[in-house]
Amino acid sequence: MFKKLLFLLILMINVSFSQNQLPLIPQPKSIVLGKGSFVLTNKTVIQSDEDSFEAKYLQEIIKQQLGLDLKIVTSTKAHSRIIFANKIIEEKKSFKEWYTLSISKNDVIITATEDHGIFYGIQTLSQLLPIEKSSEVKLPCLTIIDEPNYSWRGMHLDCARHFFPKEFIKKYIDYLAMYKMNTFHWHLTDDQGWRIEIKKYPKLTEVGAWRNGSMIGYYSDQKFDDKRYGGFYTQDDIKEIVTYANQRHITIVPEIEMPGHAMAALAAYPEYSCTGGPFEVGKTWGVLDDVFCPKDETFTFLQNILTEVIDLFPSKYIHIGGDESPKVRWKVCPNCQKRIKDEHLKDEHELQSYFIQRIEKFVNTKGRKIIGWDEILEGGLAPNAAVMSWRGTEGGIAAAKQNHFVVMSPGSHCYFDHYQGEPKNEPIAFGGYTTVEKVYSFNPTPKELSKEEANYILGAQANLWTEYIETPSHVEYMIFPRMLALSEVLWGTSKPEKYSDFQNRIIQHFDVFDKKGINYSKSIFEITTKASQSISHDGILFELKSATNTNGIRYTSDGSNPNLSSKEYSNPLEINKSQTIKAALFENGKQKSATIEQKFYSSKALGKKITLVNQPHENYSIGGAFTLVDGIIGNRSKFGRDWLGFSGKDLDATIDLGKSETINKVVLCVLESQGSWIYYPKEISVLISNDGQKFENVTKLSLSEIQDVKGEVVLEVKGKIARYIKIIATNLGRIPDGNPGAGSEAWLFVDEIGIE
Ligand code: ACM
Ligand code: ZN
């Protein structure tokens, strides 16, 4: 008897929180804590319409999380009830996602005007429940009133570069639902695979869904395997997934790419290209030159495809791609040139615009709208099109100013294929550096917009391109926990200045992930570092910070791994010679974080005054000009920091050594990552001066010499005496045809300048 009582006591779980500790993500708009608690047991009943999906969904959550079997009833006098109450509140009529969750001693009441709101109330309630078999759970009395700011709260998944099975797509939808995201952008076609069954064109999947090999390692390695790879979703699969998503109040926006990223389709039907092929389904990532040819037969083909797509997906928007479509084939194709002439178009950019506008007209006849990547702005925007802004927020701003709807998805904050922590501790990723904190700092509505223009910002979404992501568990790793940050941004309750509060809530969700077997990145526990200029300009200062603990960082400077007896960090370290700092966080006698490592390269330039004629792009300017003399050589696989990025502009930097010195060589690192439109400069030159006014040209290097040394450039100066050193790296300018990003301005990425 006593034993049994003890057992029951252990199983009683008392969830008691202060308001700030409630583990809710996204943070609701308003929470008022009451007194006392509601006791949830297997006697509690769910009161709802009998056929309510929401009631069954909650019943299942409670069963899964707590092991309690609750009955669903249409009316009851029971003393412990969870009630769904539909209420039309006049001023809320237009916003279907609001809800209130009221927990009192006897009842939990979720009120909403539509099922969407009831569903979000359930999600909030489920985050208050433990994940532990329990006979009794106490929930704190409270009232939550809640609704989102943005109507497009999106997550994208590229199923073309790698294919993910139907069961995982459902899981992905569940993950979105857990965090009140409401849009799933399903990238179904690309050069490397066509993933949707189209009854009228069976070869799209017979041929287009399979490739005879894939890239391995980095794009720059240009290595391939020869394994046949592929897969596709049947129309029955898609119907099942659309229903599944619809029940969870998630709209699926399908993407059928055109006119570019079309190689898989052209491998199956080469007659819709400019040259007639033959082609094979893409094995290499990046941007390929062969695209759809805008002749009448191609439009018939694409319209027949879109007709089947529109029948399968009820979403208002159909995504037609539009990005990264090279014009090389169009420039020499008689069909394309005839079309330009007949339609009185200026050039191939206007031909792209003609292409999109013609497709838009067709989609509009079916009662739907198109959305496309921001390149659809070029050559004139289709009249009713919405724009997905990915090359920064500029495209979105331009579209909103033209009264077009916009979804923000800039690479800087919303590309979840970028690294989220130190690349050394992370699986291989596309590049870039987008931490949870960076995502959390995102504001989807740019300051440049007026109040009226801001109404055109529907929201934002994160994109997950899967060139380097092969498995469901790796997909989970890339979206968790970054999606939590985006979810709170879009709900409208993010407070970047209170990032540490948010992070405390994330850590509580890690426990949920562990219990549910969801993979996630622990990069938030990593030690972050910051180099800064010392007042004397003699060396630099290096600061170490743990996001979760102010004490307990230990470090070494002799190359050994830090352990419990290593020096404890207290103040920024002074760095004035070449050395390696390694550091990790220790708690309760155990190492808590991965070890980070920073090599410093010391030269006469270290920490010296430096000025720039042109400023780098705001997205690639962390640390400003000082980045070039901070002793940290930019990591070539992570160009979101430690590098300065110039879009279309030159590097023109002058370093003041403080006094005249003998100089033998000048070192500069430049980056190439063509898939990201980053190209080596045309030329690098060094000039010197003793008065900072009159500069003498001393040496320069050409593009081919820069390519020969793979961007690690050493310019011989041979014993010149100078106080001021000027380094000019000339941007490649417009990207030549046949290369990724052809026709656009090249990016120039530079880092560390050494003077020896
Ligand atoms: C894109 O990332 N090419 C839209
Ligand atoms: Zn053509």
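Quick rundown of the values:
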{"quantity": "Pick from the stretch 317-338, criterion of a type in the set (D, E, K, R) and under 22 Å from Pro736 (Cα atoms), ranking: farthest from ligand 1 (Cβ to nearest atom)", "calculated": "Lys331"}
{"quantity": "Residue check for Ile518: in contact (Cβ under 8 Å) with a residue 60 or more places away in the chain and over 13 Å from Glu437 (Cα atoms)", "calculated": "yes"}
{"quantity": "The stretch 408-434, subset of a type in the set (S, T, N, Q) and under 27 Å from Ile216 (Cβ atoms), residue farthest from ligand 1 (Cβ to nearest atom)", "calculated": "Asn425"}
{"quantity": "Tally, over the stretch 535-568, of residues that are in a loop (DSSP other than H, G, I, E, B) and either of a type in the set (Val, Ile, Thr) or surrounded by fewer than 16 Cβ atoms within 10 Å (Cβ to Cβ) (or both)", "calculated": "13"}
{"quantity": "Count of residues meeting criterion [over 29 Å from Tyr468 (Cα atoms) and buried (at least 21 other Cβ atoms within 10 Å of the Cβ)] in the stretch 278-300", "calculated": "3"}
{"quantity": "Filtered residue count, the stretch 61-89, keeping only those that are among the β-branched types (Val, Ile, Thr) and outside any loop (DSSP other than H, G, I, E, B)", "calculated": "6"}
{"quantity": "Positions within the stretch 72-90 being surrounded by 13 or more Cβ atoms within 10 Å (Cβ to Cβ) and over 22 Å from Glu132 (Cβ atoms), in sequence order", "calculated": "Ile72, Val73, Thr76, Ala78, Arg81, Ile83, Phe84, Ala85, Asn86"}
{"quantity": "Total residues in the stretch 17-32, condition loosely packed, with under 15 Cβ neighbours inside 10 Å and at pLDDT 95 or above", "calculated": "2"}
{"quantity": "Contacts under 7 angstrom Cβ, first residue in the stretch 73-101 being within 18 Å of Asn42 (Cα to Cα), partner at pLDDT below 85 and part of a loop (DSSP other than H, G, I, E, B), 6 or more apart", "calculated": "Thr74/Asp49; Thr74/Glu50"}
{"quantity": "Residue in the stretch 108-167 that is farthest from Lys35 (Cα to Cα), counting only those that are free of Cβ contacts under 8 Å to residues at least 60 places away in the same chain and assigned to a strand (DSSP E or B)", "calculated": "Ala112"}
{"quantity": "Unique residue being closer than 30 Å to Leu188 by Cα and either assigned to a helix (DSSP H, G or I) or hydrophobic (A, V, I, L, M, F, W, C) (or both) when the list is Glu476, Glu453", "calculated": "Glu476"}
{"quantity": "Counted residues, the stretch 569-596 - those being out of contact with any Ser or Thr (no Cβ under 6 Å at 6 or more places or on another chain), surrounded by 12 or more Cβ atoms within 10 Å (Cβ to Cβ) and not basic (Lys, Arg)", "calculated": "15"}
{"quantity": "Candidates Ala722, Ala742, filtered to the one that is outside any strand (DSSP E or B) and in contact (Cβ under 8 Å) with a residue 12 or more places away in the chain", "calculated": "Ala742"}
{"quantity": "Matching option when the condition is within 30 Å of Gly392 (Cα to Cα), of a type in the set (Val, Ile, Thr), without any contact (Cβ under 8 Å) to a residue 40 or more places away in the chain and surrounded by fewer than 21 Cβ atoms within 10 Å (Cβ to Cβ), among Ile633, Ile706, Ile622", "calculated": "Ile622"}
{"quantity": "Subset of the stretch 296-343 that is outside any helix (DSSP H, G or I) and within 16 Å of ligand 2 (Cβ to nearest atom) - its residue that is nearest to Glu240 (Cα to Cα)", "calculated": "Ser325"}
{"quantity": "Number of positions in the stretch 288-307 that are within 16 Å of ligand 1 (Cβ to nearest atom) and out of contact with any Gly (no Cβ under 7 Å at 6 or more places or on another chain)", "calculated": "0"}
{"quantity": "Residue in the stretch 318-344 that is surrounded by the most Cβ atoms within 10 Å (Cβ to Cβ), counting only those that are in contact (Cβ under 8 Å) with a residue 40 or more places away in the chain, in contact with a helix residue (DSSP H, G or I) (Cβ under 7 Å, 6 or more places away or on another chain) and among the β-branched types (Val, Ile, Thr)", "calculated": "Ile320"}
{"quantity": "Residue match in the stretch 231-246 (condition: in contact (Cβ under 8 Å) with a residue 12 or more places away in the chain, within 16 Å of ligand 2 (Cβ to nearest atom) and over 24 Å from Ala177 (Cα atoms))", "calculated": "no"}
{"quantity": "Filtered residues of the stretch 622-653 (kept if assigned to a helix (DSSP H, G or I) and in contact with a strand residue (DSSP E or B) (Cβ under 6 Å, 6 or more places away or on another chain))", "calculated": "Ala625, Phe626, Thr627, Leu628, Val629"}
{"quantity": "Residue in the stretch 496-511 that is in contact with a Gly (Cβ under 6 Å, 6 or more places away or on another chain) and either under 30 Å from Ile457 (Cβ atoms) or crowded, with 16+ Cβ neighbours inside 10 Å (or both) present", "calculated": "no"}
{"quantity": "Filter result (in contact with a strand residue (DSSP E or B) (Cβ under 8 Å, 6 or more places away or on another chain) and among the hydroxyl-bearing types (Ser, Thr, Tyr)) within the stretch 41-77", "calculated": "Thr41, Thr44, Ser48, Ser52, Thr74, Ser75, Thr76"}
{"quantity": "Total residues in the stretch 431-461, condition small (Gly, Ala, Ser) and surrounded by fewer than 18 Cβ atoms within 10 Å (Cβ to Cβ)", "calculated": "3"}
{"quantity": "Hey, Asp289 under 24 Å from Gln352 (Cβ atoms) and more than 16 Å from ligand 2 (Cβ to nearest atom) or not", "calculated": "no"}
{"quantity": "Unique match (being loosely packed, with under 14 Cβ neighbours inside 10 Å, in contact (Cβ under 8 Å) with a residue 60 or more places away in the chain and of a type in the set (Gly, Ala, Ser)) among Gly193, Gly217", "calculated": "Gly217"}
{"quantity": "Residues located in the stretch 365-379, provided they are touching a strand residue (DSSP E or B) at 6+ places or on another chain (Cβ under 8 Å) and part of a helix (DSSP H, G or I)", "calculated": "Asp374, Ile376, Leu377"}
{"quantity": "Selected residue [more than 16 Å from ligand 1 (Cβ to nearest atom), over 13 Å from the mean Cα position of the chain (by Cα) and closer than 24 Å to Glu255 by Cβ] from Phe405, Phe442", "calculated": "Phe405"}
{"quantity": "Of residues in the stretch 551-603 being among the acidic types (Asp, Glu) and under 32 Å from the mean Cα position of the chain (by Cα), the one nearest to Val666 (Cα to Cα)", "calculated": "Glu597"}
{"quantity": "From Lys43, Lys56, Lys96, residue being surrounded by fewer than 21 Cβ atoms within 10 Å (Cβ to Cβ), among the charged types (D, E, K, R) and assigned to a helix (DSSP H, G or I)", "calculated": "Lys56"}
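The values are calculated or read from the model by the stated rules, or taken from the named source; none is laboratory data. Worth saying up front: this structure is predicted, and the values here are computed from it rather than measured. Note that we place each Cβ from the backbone using ideal geometry, even for glycine, and neighbour counts take in every protein chain shown.
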